[in-house]
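**Q** One structure coming up, written as structure tokens, with questions to follow.
Values quoted throughout were computed directly from the atomic coordinates according to the rules given, and no laboratory measurement underlies them. No experiment lies behind these values; they were computed from the predicted model shown. When we count neighbours, we look across all protein chains shown, and the Cβ atoms used for this are built from the backbone with ideal geometry, even at glycine.
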């Protein structure tokens, strides 16, 4: 269940989150037996008992299950925060930092996520249909079973990402980096893979039909039991 204060911060925008992070940031004081912490800024002298939430000096936002439709969080720092099953439909998350965040089962339908950082985020079962993820960085992201159909993923970096069982139908993946990605049992029906890098990708059991694959790199790709039909493989 989301923390109501944290939900209010998210609705207030990236600046509110940034100010809250700064005001509540703590640093370890290893000189005391109880390993107490002090606030930064004007509250630096106020001691607090160490808790795991402050392990890296910054508190985490709990937005699990929160209703955050159409929030404006462009450029927000949401790294390592909990957004499990949060509803972010139609939200603006351009250039946001969601690296290491937990977005399992989250709804991001029709959201703008261009140039966002999702490195090592957990996004299994996410709904990402009709989203703009162009130019986003998503290395080693876990997108198992996600619905990403009809989305814009042009120029996205999905190196070593887990896309097994994902629906990428009608998705624009032109110029995307999918090297070393796990695409087992994924659906790429009608996808645009022009100039995409699939070198070393695991395509076992994937269904690629009516896709554009002009100048697509498939060097060292694993294609056992892969269905590739009616695709444009020119170049």
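**Q** How tilted is helix 14-24 with respect to the longest principal axis of the chain? Cα atoms for both, answer in degrees (0 to 90, nearest 10).
**A** 40 degrees
**Q** 222 nm [θ] for the chain, helices only, -39500 (n - 2.57) per DSSP H run of 4+, per residue, to 500? Before the final figure, lay out each step's value.
**A** Numbers: 2 runs with 20 residues, N = 235.
The helix contribution divided over the chain gives -2500 deg cm²/dmol.
**Q** Using the reciprocal of the averaged 1/r over all distinct C-alpha pairs, how large is the Kirkwood radius of the chain in Å?
**A** Computed over Cα pairs of the chain, the Kirkwood hydrodynamic radius comes out at 18.7 Å.
**Q** Out of all DSSP beta bridges in the chain, what portion is antiparallel? Express it as a percent rounded to 5.
**A** Counting DSSP beta bridges with both partners in the chain, the antiparallel share is about 15 percent.
**Q** Sticking with this structure for a sec: At residue 69 and residue 3, where each label point lies 7 Å from the Cα along Cα→Cβ, what is the point-to-point distance in nanometres?
**A** Distance between label points: 2.6 nm.
**Q** Using the per-residue mean of other Cβ atoms lying within 10 Å as a proxy for protection, in what order, highest first, do the peptides 196-202, 222-228, 208-214 fall? Mind dumping the intermediate values first?
**A** On the way: 196-202: 22.9, 222-228: 14.3, 208-214: 19.6.
Descending mean neighbour count gives 196-202, 208-214, 222-228.
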